[in-house]
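Visitor: I have a structure here, written as structure tokens, and I will follow up with some questions on it.
Bear in mind these aren't lab numbers, they're just calculated from the coordinates by the rules spelled out. All of these numbers come straight from a predicted model, not from anything done at the bench. Here the Cβ positions follow ideal geometry from the backbone for every residue, glycine too, while neighbour counts run over all protein chains shown.
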Amino acid sequence: MTMKQVDPGVEMAPAPVLEAAVGLPNDLTAAVKFTLPTDEDMTAVAALRASSEPWKSRGETQEDSLKALAQLKPYIHVAKLQTQIVGYVTVERDGPVPGAAYLRNIVVKQELRKKGLGAVVLEQALRAARDMYRKTIALRVDPSNAPAVSFYRKAGFTTVATVVSKKSGKLRLLMSREL
Ligand SMILES: CC(C)(COP(=O)(O)OP(=O)(O)OC[C@H]1O[C@@H](n2cnc3c(N)ncnc32)[C@H](O)[C@@H]1OP(=O)(O)O)[C@@H](O)C(=O)NCCC(=O)NCCS
């Protein structure tokens, strides 16, 4: 009886890695899940922040982002579509406006922007602020960050003051909305 020999020199080509699906689900509100970050998520969230404006132009490294986010860990809500991190938002009970919750960061993965994800992530922030028994939520934004300013206006935020950033000395809009 003859046995077929398998040539040990021939290697099977690895299965191609599937690219992430480009399309987003129709019902984003139902599809996006929010969690507190795991340690593994923290690395991914830091990479997201470091590669995104306004931090990218400020020269913030992933290590800087990780340090800054480590301070905010209990306030981070990570947005996931299945296992993929698509954005995050931070909500603290106190911030620059007395009595108002504070949204310090909101980021959507660059290639998924302008598809409604930011609005879903913001809704989570509003829920979190309501859960803290706040009636108002505030944020600071660089007036030159036009996409963010438009996004916040569309979501009902109005400018309540113009302030000077202690860190950079640059002007920031202080915006807020009722919850
Ligand atoms: C701000 C940000 C979170 C918005 O996320 P997004 O997923 O693009 O937002 P959405 O698709 O839900 O947009 C909701 C609305 O915001 C407005 N908007 C969003 N991006 C905009 C842009 N680039 N230009 C003008 N308006 C914009 C629109 O009115 C939009 O409504 P429409 O789709 O009906 O026109 C996203 O641009 C981002 O991650 N930016 C980088 C990080 C940042 O600057 N964060 C804010 C400072 S911490």
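Visitor: Report the net charge of residues surrounding residue 135, where surrounding means a beta-carbon distance below 11 angstrom and charges are Lys +1, Arg +1, Asp -1, Glu -1. Please report the intermediate quantities before stating the final value.
Guide: Values: positive: 130, 134, 177; negative: 178.
So the surrounding residues net to +2.
Visitor: Report the Cα centroid-to-centroid distance between the stretch 53-67 and the stretch 98-117 in angstrom, as an integer.
Guide: Between the Cα centres of the stretch 53-67 and the stretch 98-117 lies a distance of 16 Å.
Visitor: Of 164, 24, 37, which is farthest along the charge dipole of the chain in the positive direction, counting Lys and Arg as +1 and Asp and Glu as -1 at C-beta?
Guide: So the residue furthest toward the plus end is 164.
Visitor: Just to confirm a number: summing +1 for Lys and Arg and -1 for Asp and Glu over residues other than residue 125 whose beta-carbon lies under 13 angstrom from that of residue 125, what do you get?
Guide: Summing Lys and Arg as +1 and Asp and Glu as -1 gives +3.
Visitor: For the chain, just list the percent of Cα-Cα distances falling in each 5 Å bin from zero outward, please.
Guide: Distribution as computed: 1, 7, 15, 18, 19, 15, 7, 3, 2, 2, 2, 2, 2, 1, 1, 1, 0, 0 percent.
Visitor: Here's a follow-up. Count of lysine pairs in the chain with Cα atoms under 20 Å apart, counting only pairs 8 or more residues apart in sequence or on different chains?
Guide: Lysine pairs meeting the criterion: 22.
Visitor: Right, next: What's the local net charge at residue 164, with K and R +1, D and E -1, over the other residues with C-beta under 9 Å away?
Guide: Net charge in that neighbourhood comes out at +3.
Visitor: I would also like to ask the following. Tell me, what are the semi-axes, in whole angstrom and largest first, of the equivalent ellipsoid of the stretch 95-179 as set by the roots of 5 times the Cα gyration tensor eigenvalues? Provide the component values of the computation, followed by the final result.
Guide: On the way: eigenvalues 74, 66, 22 Å².
Taking √(5λ) for each eigenvalue gives 19, 18, 10 Å, largest first.
Visitor: For the chain, which DSSP H helices look membrane-span-like by this rule: Cα extent along the axis of 15 Å or more and mean Kyte-Doolittle of at least 0.5?
Guide: None pass (Cα extent of 15 Å or more, hydropathy at least 0.5).
Visitor: For the chain, modelled as a Gaussian network with Cα springs under 10 Å, which listed residue fluctuates most, 103, 139, 36?
Guide: Highest fluctuation among the options: 36.
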